[in-house]
Every structure is written in C-alpha cells, then in structure tokens.
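Beneath this line is the structure, given in structure tokens, with notes to follow.
The values are calculated or read from the model by the stated rules, or taken from the named source; none is laboratory data. What you see is a predicted model; the values in this text were computed from it and never measured. Neighbour counts are summed over all protein chains in view; Cβ atoms, including those assigned to glycine, are modelled from backbone coordinates with ideal geometry.
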C-alpha cells in the first residue's frame, strides 16, 4: 500500500467523531464506535463491503448491520475522518483523512490498485499556481489513472509448437 506514517493527533478518531455527532444531535452508539475502531485499526484503503466483512468476523458483541456501516461511513466522511478516494471497479474506496499527511494517488484502471505518494515538488507547483491565480487552497485531491507495473507487463504467452514450424 504505502509507507505513509500516521501524524500525531490530540484527539482520538472516536472522540473527534463523538464531537461531530453531538453537533448533529446524535450520539456515538456502540455500533458506530465499533465501525470507527475497525476503520482506524488498520491504515489501508477499503470499501464498505470489506468493512462489513471485517466487522462480521469479530466476536459476537461487535456485530453491526450493513445499513449502519453505510450510514456511519457517510457520517465519518462528513466529520472529516474519512474521504472517498475513488470509485474503482464499481465500488467507493475510502481512506483515513484524519491523522495522516496530505498525499496523492496513482490508480490502476485495470486492477483497481491504489498507490499513495507524497511529492513536495508537486505540492509546491500547486501552491504556486494557486498563488499566481489569487486562489486560496483549502485542500486538494490528485488521482492519476493509468496502469500499475504488474498490469503494464506484456502477457506471458507460450508459443504453441505448431506456430514454431
């Protein structure tokens, strides 16, 4: 996946989500808390079905309905904890937006793999373009589509004996 390291944050993801929910007149239920804990247990891109599967594999006390997972993911995006990276292979892919540095993505159009990268020179170019145009940047997302190294390899086909005659 990537070598991006987590950034130290003063407030845990669960506490930040709790604060967000309070502003909406909602509470951090056991089910929502289980979703947040599972999402932030690993730093990896995931889709909602993968998260449902991971939660279903946990001990009985942490069961969460599919509908609750979908709603909670949307709430976590609104709260600034997650962001939708891309739609690959007909699925929305999520990643942490809280506690990780700003970065960009290379996305394989064939297999759907996502590769995170940071590039200071690229960030500098974006800042310069914004400055030149009098634009105040509040965030950015760069998704570069193409073929990963594995999908770019030529197919390994063996010549049939009859073709070699």
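Details
- As a summary of the residue check, residue 45 satisfies the conditions (1) surrounded by fewer than 19 Cβ atoms within 10 Å (Cβ to Cβ); (2) within 23 Å of residue 107 (Cβ to Cβ) except for the one numbered (1).
- For the range 112-133, a residue qualifies if it is free of Cβ contacts under 8 Å to residues at least 60 places away in the same chain, over 15 Å from residue 101 (Cβ atoms) and in contact with a strand residue (DSSP E or B) (Cβ under 8 Å, 6 or more places away or on another chain), and the qualifying residues are 112, 113.
- Any hit, the range 38-47, residues being touching a residue at least 40 places away in the same chain (Cβ under 8 Å) and farther than 30 Å from residue 124 by Cα: yes
- Counted residues, the range 136-165 - those being touching a helix residue (DSSP H, G or I) at 6+ places or on another chain (Cβ under 9 Å) and surrounded by 11 or more Cβ atoms within 10 Å (Cβ to Cβ): 4
- Test result for residue 139, at pLDDT below 90 and in a helix (DSSP H, G or I): no
- Number of positions in the range 60-84 that are farther than 23 Å from residue 103 by Cβ and either part of a helix (DSSP H, G or I) or under 15 Å from the mean Cα position of the chain (by Cα) (or both): 11
- Residue in the range 111-123 that is outside any loop (DSSP other than H, G, I, E, B), touching a helix residue (DSSP H, G or I) at 6+ places or on another chain (Cβ under 8 Å) and within 18 Å of residue 144 (Cα to Cα) present: no
Table: residues versus (1) in contact with a helix residue (DSSP H, G or I) (Cβ under 9 Å, 6 or more places away or on another chain); (2) modelled with pLDDT under 90; (3) surrounded by 12 or more Cβ atoms within 10 Å (Cβ to Cβ).
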{"position": "3", "(1), (2), (3)": "no, yes, no"}
{"position": "32", "(1), (2), (3)": "yes, no, yes"}
{"position": "59", "(1), (2), (3)": "no, yes, no"}
{"position": "63", "(1), (2), (3)": "yes, yes, yes"}
{"position": "66", "(1), (2), (3)": "yes, no, yes"}
{"position": "73", "(1), (2), (3)": "yes, no, yes"}
{"position": "79", "(1), (2), (3)": "yes, no, yes"}
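- Scope the range 98-125; condition at pLDDT below 85, crowded, with 16+ Cβ neighbours inside 10 Å, under 28 Å from residue 10 (Cα atoms) and over 12 Å from the mean Cα position of the chain (by Cα); matching residues: 99
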